[in-house]
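Working notes, beginning with the structure itself.
The values are calculated or read from the model by the stated rules, or taken from the named source; none is laboratory data. These figures come from a predicted structure and were not determined experimentally. Cβ coordinates were reconstructed from backbone atoms using ideal geometry, including for glycine residues, and neighbour counts include every protein chain displayed. The protein model used for the area step is the full one, side chains on, heavy atoms only, and it has no ligands, DNA or RNA in it. Shrake-Rupley method; radii C 1.70, N 1.55, O 1.52, S 1.80 Å.
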Amino acid sequence: MEEKAYAKINLNLHVTGKREDGYHLLDSLVVFPDVGDYVSVEPADVDQADLVTLQITGPFSGSLQNEDLKNNLIVKAAYQLVAYTDKSLSPIKLLLEKNLPVASGIGGGSADAAATLRLLIRYWGLKISAQELAQIALKLGADVPVCLNSVSQRMEGIGETLSLLPNLPQFGMILVNHGEAVSTAEIFRHRAAHFSKYIDSTQNLTSFDQFIQELIKLTNDLQPPACLLNPAINTVLQAIEELPFCRLSRMSGSGATCFGLFETEQQAQAAAAILTKKHSWWIWGGKGVAK
């Protein structure tokens, strides 16, 4: 069995407040383009000591090789399900094909955890309601609930308040990561002190032109401090903005991955090809909404 863990892109990110426990309140339109990691499961060897083990492959596996795998969100997701059920579960080996850059503002780890939850519920034959699954996901991280279904959504609160965006048009997207990590904690510390307003409306986004016009009104509140701490992000954004047919360039999440929006998938693929010839960055182009 296998599940695709789609990249999570914040088309905007408004920081609207802060709770007493230190968590920031957010308002964000989120889409899942057709690129991601893959999580698969197979029966464990009979002599496996742990109920769950993890093997990581793929172009970005090296970034995770020195990490204690018991702290990986995939393993934590599996054990959250173990703790939730009273069934006797069979030992498993999880395999992660890591295609997305690590700690790059596109929810790779959260998407992997959500994919693991979906995968193991099927594999172990567990009966868990959508509400119960959302609670389990939130324990793993604020971005995990939105990744459970990998469809276009509006995300509010700390990530637990979700609503569908059913009428988005089809469009093309490129993703670019320059390979330099940025610290989310540092970016929040350097963020402007004021809080943004909630998004007024997510209606009337059915045409591509309307979609772009609405997004232009919105911002990523973490982009200015990220660019201050890592000026190379500005270089990436400018390179995207100068591509033929690009209608909007912006940073996703807390960075450093940036995206560009195009009217068609073909335009995005052509733009990615142009950029790949000029830079050694991680670059992907394709369908902006996978499902």
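List of remarks:
- As an equivalent ellipsoid, the stretch 245-291 spans semi-axes of 16, 15, 10 angstrom, where each value is the square root of five times an eigenvalue of the C-alpha gyration tensor, largest first.
- Computed about its Cα centre, the charge dipole of the stretch 19-151 is approximately 280 debye, with only Lys, Arg, Asp and Glu carrying charge at their Cβ.
- Taking Cα centre as origin and charging only the Cβ of basic (Lys, Arg, +1) and acidic (Asp, Glu, -1) residues, the dipole magnitude of the chain rounds to 280 debye.
- Extension gain from Lys70 to Asp86, taking 0.36 nm per residue of separation minus the Cα-Cα distance: 3.6 nm
- Positive-pole candidate from Ala272, Ile233, Leu248, dipole of the stretch 216-291, charges at beta carbon: Ala272
- Ranking Leu126, Leu148, Phe32 by how far each Cα lies toward the positive end of the dipole of the chain (charges on Cβ) leaves Phe32 at the top.
- Accessible surface of the stretch 150-291, 1.4 Å probe, proportion on carbon and sulfur as whole %: 51 percent
- Computed on the Cα atoms alone, the convex hull of the chain gives a volume of 134 cubic angstrom per residue.
- Under 5 Å between amide hydrogens, built in the peptide plane, is the criterion, and for Gly17 it picks out Leu25 among residues at least 5 positions away or on other chains.
- For the stretch 112-124, putting each phi into the Karplus relation 6.51 cos²θ - 1.76 cosθ + 1.60 with θ = phi - 60° gives couplings of 4, 5, 5, 5, 5, 4, 4, 5, 6, 4, 5, 5, 8 Hz, in residue order, rounded to whole numbers and with x for Gly and Pro.
- Length added when fully stretched, Gln213-Asp200, from 0.36 nm per residue minus Cα-Cα: 3.3 nm
- Per residue, the chain exposes an accessible area of 46 Å² to a 1.4 Å probe, with every protein chain left in place.
- Rounded to two decimals, the Cα-based Rg/Rh of the stretch 1-92, with Kirkwood Rh, is 1.06.
- Residue by residue, the stretch 24-40 carries 3J(HN,Hα) couplings of 7, 8, 10, 9, 8, 8, 10, 10, 10, x, 7, 8, x, 8, 10, 10, 10 Hz when phi is fed to the Karplus relation 6.51 cos²θ - 1.76 cosθ + 1.60 (θ = phi - 60°); x denotes Gly or Pro.
- Taking amide H as placed 1.01 Å from N in the peptide plane, the amide H of Gly172 sits under 5 Å from that of Phe262, Glu263, Thr264, Glu265, Gly288, each at least 5 places away or on another chain.
- Percentage of interatomic Cα-Cα distances in the stretch 150-291 larger than 21 Å: 47 percent
- 3J(HN,Hα) along the stretch 259-268, derived from phi through the Karplus expression 6.51 cos²θ - 1.76 cosθ + 1.60 where θ = phi - 60°, amounts to 10, x, 10, 9, 5, 10, 4, 5, 4, 5 Hz, with x in place of Gly and Pro.
- When you work out D = kT/(6 pi eta Rh) for the stretch 24-156 at 20 °C and 1.002 mPa s, using the Kirkwood radius from C-alpha pairs as Rh and the Stokes-Einstein form, the result is 139 µm²/s.
- Cα-centre dipole for the stretch 1-78 with unit charges at Cβ (Lys and Arg positive, Asp and Glu negative), debye to 20: 420 debye
- Computed Rg/Rh of the stretch 83-215, alpha carbon atoms with Kirkwood Rh: 1.00
- Sequence-distant residues sharing a close amide H with Ala7 (under 5 Å, placed H): Val35, Gly36, Asp37
- Carbon plus sulfur fraction of accessible area for the stretch 62-142, probe 1.4 Å, in percent: 50 percent
- Among Gly172, Ile136, Leu73 the positive-end extreme of the charge dipole of the chain (Cβ point charges): Gly172
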